[in-house]
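What follows is a short report on a single structure.
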Amino acid sequence: MVVSRPTRRRVLATLGTALTGGCLRSSRAADSTPAPGTDEPRTRSTDGTTTATAAPSDSGSALTPASLSTEWSHEADLAFSHAGVAAEGTVLTQRSDGRICVARALRDGSQRWRATFDTAVSLRPRIVGSTVLMGTVGGTIHALARSDGSERWRYDTPGALRVQPVVIPEEATVLVPVRFDDERAGLVDAVSLESGQRRWRIDGIDRPNSISPAVDGRFYLGFSDSFRGYAAGDGTRLPTEQQPSGIPGVNAGRFPHPRILFAHEGTVYLPEPRANDPVVAYDPTANEVVWRYEPFGAPVSFDAWGETLAFSAGDNAVYGLDRTTGDRRWRVQRDERFSPVAAARGVVWTARGRTLLGIDAETGTVHVERELPLSADLVFAVGRRVIVLGSGKIGVYRIES
């Protein structure tokens with residue numbers, strides 16, 4: 001049930017305002033905004049070998065970007081129907097047939113390795129420490145070594161992979177949603193991150209359209225008509241009194257969508273399948289809906305920095321909300337839809353076509369609006385670098401502040 005008592009992080013007055021709809025399309029005065037992570041030790045690859053070298057880490061403090069300098073770019077035969085990823089000092093992309101994954105060093109773009117699969121990769125690659133996780137059309141999860149691309153293990157699922165898996169670091173477990181051809185049938189397999197052995201399975205359920213990261217020992221599956229909680233340790237369904245109520249389901253029309261169910265500092269954020277797809281903030285510990293916010297377009301993906309929840313939406317805008325109250329801090333709109341956002345070091349990065357924007361996470365001030373030599377599909381931020389993937393090209397830029 002949804003309770004009304006305050007949590008450790010919120011006071012009753014804030015909850016009262018949020019839950020009575022006071023934050024639906026709130027802070028309209030912020031409608032118009034005037035426009036103007038850290039790298040791991042670096043690795044070079046020349047002939048297929050890799051050598052680790054020491055490199056200073058960037059501070060995690062907020063930046064005020066003044067400009068961007070180009071570090072490197074690369075033109076390749078890439079496909080972005082199931083896009084690449086940049087993290088842990090590595091950029092992963094796919095060749096156009098979807099069966100070849102190429103890993104490059106984030107520092108200089110040198111190729112580290114390439115891996116070939118029997119069927120096309122169907123999910124965005126996931127980098128978890130020293131491991132790269134890939135899901136293919138055949139329903140197989142492959143775990144590769146990030147250093148050289150060698151296969152550590154593979155896990156064959158009994159169905160199709162359409163929803164981005166999540167990792168529970170505390171359990172060293174990968175949660176893999178599986179869908180069947182039947183309109184409603186699905187399951188979730190929990191696979192050991194170390195060995196690839198199945199630990200447990202949630203069977204006999206509808207096929208989920210999304211899955212959340214684990215929060216307070218729980219994770220949540222999103223369906224078009226419900227939102228259900230499970231124990232992260234063994235997959236048992238939470239008791240009825242601990243199940244979220246008042247959330248009719250999750251709207252997830254795009255696949256894969258790694259951040260449509262997003263968790264940050266103990267709160268889960270999701271879009272409801274109602275008019276205008278309101279964003280819901282749900283506190284699993286207190287089992288309560290904290291606030292709802294109704295944007296002017298369906299949310300695309302979420303990210304957060306400090307006390308700001310950021311997301312791009314279908315109304316050609318990027319929003320910044322106060323994570324505690326749901327009040328809108330700012331809204332930046334242009335004449336073209338934005339890519340999914342990446343928030344890091346006080347800046348929300350996104351792109352619209354051939355333009356990259358760097359938005360102050362607290363104020364909504366557009367610090368950087370730069371024309372690109374490529375049409376951007378995805379943007380990542382790692383330390384002082386912004387990585388743009390799209391239209392057969394990679395661009396890596398260094399933030400100057």
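The values are calculated or read from the model by the stated rules, or taken from the named source; none is laboratory data. Predicted, not measured: the structure shown is a model, and the values here were computed from it. Glycine also receives a Cβ, built like all others from the backbone with ideal geometry; neighbour counts cover every protein chain displayed. For accessibility, only protein heavy atoms count, side chains too; no ligands or nucleic acids. Shrake-Rupley method; radii C 1.70, N 1.55, O 1.52, S 1.80 Å.
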Probe 1.4 Å - accessible area at Asp225, Å² to nearest ten: 80 Å²
Ranked packing of 194-201, 332-339, most packed first, by mean Cβ within 10 Å: 332-339, 194-201
Relative counts (whole %) of C-alpha pair distances in region 337-393, using bins that are 5 Å wide: 5, 22, 33, 26, 12, 3, 1
FRET efficiency estimate (nearest 0.05) - Cβ-Cβ, Phe296 to Ser73, R0 35 angstrom: 0.50
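State the volume of the convex hull built on the alpha-carbon positions of region 125-200, expressed per residue in Å³ and rounded to an integer. Please list the in-between numbers first.
Details: hull volume 6.2 nm³, N = 76.
So the per-residue hull volume is 81 Å³.
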Under Karplus coefficients 6.51, -1.76 and 1.60, residue-wise ³J(HN,Hα) of region 216-231 in Hz, glycine/proline x: 6, x, 9, 9, 10, 9, x, 10, 5, 10, 6, 9, 10, x, 9, 6
Point-to-point label distance, Ser391-Ala172, nm (Cα→Cβ direction, 7 Å offset): 4.5 nm
Leu261 long-range amide H proximity, modeled H, under 5 Å: Ile211
Area accessible to solvent at Arg126, 1.4 Å probe radius, in Å²: 90 Å²
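Diagonalise the Cα gyration tensor of region 285-356 and give the resulting equivalent ellipsoid semi-axes, square root of 5 times each eigenvalue, largest first, whole Å.
On the way: eigenvalues 98, 38, 18 Å².
Semi-axis lengths for region 285-356 are 22, 14, 10 Å.
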Solution diffusion estimate, µm²/s, Stokes-Einstein, region 82-218, Kirkwood Rh from C-alpha pairs, 20 °C, viscosity 1.002 mPa s: 140 µm²/s
In Å², nearest 10: area of Val137 left accessible to a 1.4 Å probe: 80 Å²
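So if we plug the beta-carbon distance of Ser245 and Glu369 into 1/(1 + (r/R0)^6) with R0 = 51 Å, what FRET efficiency do we get, rounded to 0.05?
Details: r = 43 Å, r/R0 = 0.85.
Calculated value: 0.75.
Keeping every protein chain present and rolling a 1.4 Å probe, give me the accessible area per residue for region 304-401 in Å². Spell out each step's value before the answer.
Details: 2690 Å² over 98 residues.
It amounts to 27 Å² per residue over region 304-401.
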Pair Ser224, Arg237: separation of 7 Å Cα→Cβ label points (nm): 2.0 nm
Stokes-Einstein translational diffusion, region 258-401 - Kirkwood Rh over all Cα pairs, 0.890 mPa s, 25 °C, in µm²/s: 161 µm²/s
17 Å cut-off, amide nitrogen to a point 7 angstrom out along Trp200 Cα→Cβ, residues in region 230-247: 230-240, 242-243
Nitroxide proxy distance, nm - points 7 Å out along Cα→Cβ at Arg354 and Asp148: 4.3 nm
In Å, descending, principal axis extents of the Cα set of region 82-133: 29, 20, 15
